[in-house]
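The values are calculated or read from the model by the stated rules, or taken from the named source; none is laboratory data. Note that this is a predicted model, so its numbers are computed, not measured. To get the accessible areas, we keep the full protein, side chains included, count just its heavy atoms, and leave off ligands, DNA and RNA. Shrake-Rupley method; radii C 1.70, N 1.55, O 1.52, S 1.80 Å.
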Amino acid sequence: MSRHIVGQPLSIGKPTPNNAVYILSTDDDLTRVPVGAPGCMWAGGHGVSRGYVGLEGRTREAYVPDELAGDGSSMYKTGDLGSW
């Protein structure tokens, strides 16, 4: 079991194969933020689900085409704040 010390950076690890993690601006323009700057965490790639079952409105809010990958995959807004 690992322990996190309050005030120290916390790592969640690395993306799984065929997936990507992006730290993007918190506004709607979805631009990458500079290293060290906080932003919204997005999960992208072909391993991302297609959306929420029976919740079309929530799916539209959280899922968008992954324009950064440009390969037809989607990305999901996790709602978490993070930085590189």
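Below is a table of values for the structure above.
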quantity: Fraction of accessible area attributable to carbon and sulfur, the chain (%, probe 1.4 Å); calculated: 55
quantity: Surface per residue (accessible, 1.4 Å probe) for the chain, Å²; calculated: 76
quantity: Convex hull (Cα only) mean projected area of the range 31-74, reported in nm² to one decimal; calculated: 3.7
quantity: Per-residue ³J(HN,Hα) for the range 22-38, Karplus 6.51 cos²θ - 1.76 cosθ + 1.60, θ = phi - 60°, Hz, x for Gly and Pro; calculated: 10, 10, 10, 4, 7, 8, 7, 7, 6, 9, 5, 9, x, 4, x, 7, x
quantity: Orientation-averaged projected area, Cα convex hull of the chain (nm²); calculated: 7.0
